[in-house]
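Worksheet: one structure, shown below.
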Ligand code: CTP
Ligand code: MG
């Protein structure tokens, strides 16, 4: 029985516009509906805690998807604050040592095969695991003047995706410790790494992309148009 925390309390500043990107209309449904479908249609996922902004006017109040519970709670100023709030709000019967998934609301194209592999490998790891993909581009280190200082080796560099899979209490503690230390945390794994833990990298599909800019939305619309052919 796995629960997922879905942070959806961001404002989508880089996307722009008044409507936060997780609520944009895609084929007549809000973007987040695709994300919730991808999670809850998987047989191992039991329920989802959606973390929404305190003054959210756009959440449509679904309380079940595929017959499974969709609960909500209020998030915080940073993504890590929202995830911590979501972990705290999970039902009491989600045990402290149970694995939970954290998955961005703005990442609607998660494949079941990726989730299968993450759960298979991650639940067998003492710490947990994340989906990720190797860096493909050549990396440049810029100087203050915008000129290139040097080329950085990309061997062993990965792009971190979600879902990320960790034990409920261990992740809560790691996020709270980072918060107390005033360290900005950009994914769950980073909080665990700060504790000296070494999560497993699980290679995932590169089409599990996050919607950050309008170009990403156009890509997702294209993916959907291909899905229904
Ligand atoms: N998120 C959240 N709480 C925050 C910030 C982000 O729950 N305080 C969520 C977003 O809603 C999104 C996910 O975390 O589903 C990934 O974050 P990101 O892509 O950075 O979304 P935003 O923060 O909304 O976008 P931006 O950084 O461009 O403002
Ligand atoms: Mg953000």
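The values are calculated or read from the model by the stated rules, or taken from the named source; none is laboratory data. All values reported here derive from a predicted model rather than from experimental measurement. Quick reminder, even Gly has a Cβ in these numbers, built from the backbone with ideal geometry, and neighbours come from all protein chains shown.
Within the stretch 8-39, the set of residues being buried (at least 19 other Cβ atoms within 10 Å of the Cβ), more than 15 Å from ligand 2 (Cβ to nearest atom) and assigned to a loop (DSSP other than H, G, I, E, B) comprises just one member, 24.
Of the residues in the stretch 114-123, at least one is touching a helix residue (DSSP H, G or I) at 6+ places or on another chain (Cβ under 8 Å), closer than 16 Å to residue 203 by Cβ and buried (at least 19 other Cβ atoms within 10 Å of the Cβ). Does the stretch 96-103 include one or more residues that are without any contact (Cβ under 8 Å) to a residue 24 or more places away in the chain, within 20 Å of residue 10 (Cα to Cα) and either touching a strand residue (DSSP E or B) at 6+ places or on another chain (Cβ under 6 Å) or within 16 Å of ligand 1 (Cβ to nearest atom) (or both)? No: zero hits. Pairs are defined by a Cβ separation below 6 Å, a sequence spacing of at least 6 or placement on different chains, a first member in the stretch 5-24 that is more than 14 Å from residue 210 (Cβ to Cβ), and a second member that is part of a loop (DSSP other than H, G, I, E, B); the pairs so defined are 9/53; 9/75; 11/20; 23/58. Among the residues of the stretch 69-88, those that are touching a strand residue (DSSP E or B) at 6+ places or on another chain (Cβ under 7 Å) and either under 12 Å from residue 4 (Cα atoms) or surrounded by 23 or more Cβ atoms within 10 Å (Cβ to Cβ) (or both) comprise 69, 70, 71, 72, 75, 82, 83, 86, 87. Does residue 175 qualify as being modelled with pLDDT of 95 or more and not in a helix (DSSP H, G or I)? Here the answer is no, as residue 175 does not meet what is asked. Residues in the stretch 190-209 that are closer than 20 Å to residue 81 by Cβ and touching a residue at least 60 places away in the same chain (Cβ under 8 Å): 191, 192. Within the stretch 184-215, the set of residues being within 16 Å of ligand 1 (Cβ to nearest atom), surrounded by 15 or more Cβ atoms within 10 Å (Cβ to Cβ) and assigned to a helix (DSSP H, G or I) comprises 188, 189, 190, 191. Within the stretch 2-23, track down each residue that is more than 10 Å from ligand 1 (Cβ to nearest atom) and on the phi > 0 side of the Ramachandran plot. Answer for the stretch 2-23, where residues must be more than 10 Å from ligand 1 (Cβ to nearest atom) and on the phi > 0 side of the Ramachandran plot: just 17. Every condition in (1) within 16 Å of ligand 2 (Cβ to nearest atom); (2) outside any helix (DSSP H, G or I); (3) crowded, with 23+ Cβ neighbours inside 10 Å is met by residue 50 except one, and the failing one is (1). Is it true that residue 113 is assigned to a strand (DSSP E or B) and more than 16 Å from ligand 2 (Cβ to nearest atom)? Taking the combined requirement at face value, the residue does not satisfy it.
For the stretch 64-88, which residues satisfy the criterion of being more than 15 Å from residue 39 (Cβ to Cβ), more than 10 Å from ligand 1 (Cβ to nearest atom) and in a loop (DSSP other than H, G, I, E, B)? Correct list: empty. Scanning the stretch 38-68 for residues that are touching a residue at least 60 places away in the same chain (Cβ under 8 Å) and out of contact with any strand residue (DSSP E or B) (no Cβ under 6 Å at 6 or more places or on another chain) returns 38, 41, 42. With 104, 92 as the choices, which residue is over 19 Å from the mean Cα position of the chain (by Cα) and assigned to a loop (DSSP other than H, G, I, E, B)? Only one candidate qualifies: 92.
Checked against (1) at pLDDT 95 or above; (2) more than 13 Å from ligand 1 (Cβ to nearest atom); (3) closer than 21 Å to residue 163 by Cα, residue 26 passes all but a single condition, namely (3).
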